[in-house]
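Read-outs: derived from the displayed coordinates by stated rules, not from any lab. On a predicted model such as this, the values are computed, not experimentally measured, just so you know. Quick reminder, even Gly has a Cβ in these numbers, built from the backbone with ideal geometry, and neighbours come from all protein chains shown.
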Amino acid sequence: MTAAASIVLLVLGAGTATYALCRGSSVRRLVALELLSAQLTCLAVLLAASYGRSSYLDVAMLLALLSFAGSLVFARFLGRDW
Amino acid sequence: MARQVAEAVLLWLGIAVLVVCGWGLLSHKVLDRLHYATLGAMVGMPLVLVSQCVATPSSIPKLVVVILLQVAGAPALTIATARAAKRERP
């Protein structure tokens with residue numbers, strides 16, 4: 001019950017971040033993407049605990065690593081003079 | 001019993017921070033959004049992950065890797081994004 005409630009609340013928070021992701025300039029969207037990726041990583045961890053599947057933790061690890069790398073590349077791209 | 005209480009407190013605290021930071025993303029200024037995003041990534045997410053470390057000790061190695069990735073990477077990401085934001089609007 002607690003896990004389900006926490007997952008629902010986290011999904012609502014991710015929905016707000018998704019809405020912020022769809023508005024504004026590129027940098028504003030990138031900022032929303034950073035938080036959204038953190039929320040989705042937490043969601044994967046909570047789903048792993050709820051379903052008892054440790055393989056979902058691998059999803060969380062990959063998501064944390066790839067979202068960091070991707071967001072960093074985007075931030076460097078937006079901050080450069082082309 | 002103490003472990004369950006600690007798990008619940010950490011989990012709900014972390015989720016509260018993440019939800020509040022999600023709402024903070026709706027602010028108008030880019031740097032305000034960046035503050036909220038960094039707070040969520042550096043405080044909210046580790047709290048949730050630590051709560052799961054308390055709940056399932058067998059998954060501690062993987063969760064520690066995620067926490068370290070996030071804690072080490074989020075500040076660098078914030079700096080790069082702030083530079084991009086400054087360039088967007090000097």
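Quick notes
- Residue among A:L47, A:L65, A:L43 that alone is within 27 Å of B:S27 (Cβ to Cβ) and touching a helix residue (DSSP H, G or I) at 6+ places or on another chain (Cβ under 8 Å): A:L43
- Qualifying residue in region A:20-29 (condition: of a type in the set (V, I, T) and within 7 Å of chain B (Cβ to nearest Cβ)): yes
- Meets criteria (at the interface with another protein chain (Cβ under 7 Å from one of its Cβ atoms), among the acidic types (D, E) and surrounded by 14 or more Cβ atoms within 10 Å (Cβ to Cβ)) for B:E7: no
Listed here are the residues, each with its yes/no results for (1) touching a residue at least 24 places away in the same chain (Cβ under 8 Å); (2) at the interface with chain A (Cβ under 9 Å from one of its Cβ atoms); (3) surrounded by fewer than 17 Cβ atoms within 10 Å (Cβ to Cβ); (4) not aromatic (F, W, Y).
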| residue | (1), (2), (3), (4) |
| --- | --- |
| B:L13 | yes, no, yes, yes |
| B:V19 | no, yes, no, yes |
| B:G22 | no, yes, no, yes |
| B:A41 | yes, yes, no, yes |
| B:G44 | yes, yes, no, yes |
| B:P57 | no, no, yes, yes |
| B:V66 | no, yes, no, yes |
| B:Q70 | yes, yes, no, yes |
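- Residue match in region A:52-62 (condition: facing chain B (nearest Cβ under 8 Å), of a type in the set (A, V, I, L, M, F, W, C), surrounded by fewer than 20 Cβ atoms within 10 Å (Cβ to Cβ) and more than 20 Å from B:L69 (Cα to Cα)): no
- Unique match (being among the basic types (K, R) and either in contact with a strand residue (DSSP E or B) (Cβ under 7 Å, 6 or more places away or on another chain) or in a helix (DSSP H, G or I) (or both)) among A:R76, A:R53, A:R80: A:R76
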